[in-house]
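Novice: Please read through the structure below; I'll follow up with questions.
The values are calculated or read from the model by the stated rules, or taken from the named source; none is laboratory data. Just so you know, these numbers come straight off a predicted model, no measurement behind them. Side chains are part of the model used for accessible areas, which takes the heavy atoms of the whole protein and leaves out ligands, DNA and RNA. Shrake-Rupley method; radii C 1.70, N 1.55, O 1.52, S 1.80 Å.
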Amino acid sequence: MIKRILKGIWDIRWPIIMLFIMISFIASTIQDFINKDYDSGFNNLMIVLLFIEVFLLLWSRADAEKLIDLQDEIIDSQDKIIKQNEKSIELQDDLIAK
């Protein structure tokens, strides 16, 4: 049970690391704005936004890959149906010819 939980955590280690990095930069940004160090605050804010953008791009790419795989499966199943229909037509032609 614990081994399975640890494996699940290990599989999502990069998103967890990215999340901690983003939290660190967000906290630093808030602290800089409170201390009125606006240059550093805006730099940290841009880094946070960059991390969010990269995170969303990776997420959308994973979804796109899943959709492409699903589309490939649909095309394969359609090819199988077409082959079955061709065999059926050939059998019908043989029966009609007899």
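Novice: Would you calculate a helix-derived [θ] at 222 nm for the chain, using -39,500 (n - 2.57) for each DSSP H run of n ≥ 4 and dividing by the full residue count, to the nearest 500?
Specialist: On the way: 3 runs with 92 residues, N = 98.
When only DSSP H runs of four or more count, the value is -34000 deg cm²/dmol.
Novice: Further, regarding this structure: When only Cα pairs under 8 Å and 6 or more residues apart are kept, what is the percent relative contact order across the range 3-90? Provide the component values of the computation, followed by the final result.
Specialist: Numbers: 23 pairs, mean separation 16.5, N = 88.
The normalised contact order for the range 3-90 reaches 19 percent.
Novice: Taking all protein chains in place and a 1.4 Å probe, what share, in percent, of the accessible surface of the range 1-79 do carbon and sulfur account for?
Specialist: Values: 4750 of 6790 Å².
It is 70 percent, rounded to a whole number.
Novice: Accessible area per residue of the chain at 1.4 Å probe, in Å²? Walk me through the numbers on the way to the answer.
Specialist: Numbers: 8860 Å² over 98 residues.
I get 90 Å² per residue for this part.
Novice: Can you compute 3J(HN,Hα) from phi for each residue in the range 74-89, using the Karplus curve 6.51 cos²θ - 1.76 cosθ + 1.60 with θ = phi - 60°, rounded to whole Hz and x for Gly and Pro?
Specialist: Listing the rounded values in order: 5, 5, 4, 5, 5, 4, 5, 5, 5, 4, 5, 5, 5, 5, 5, 5 Hz.
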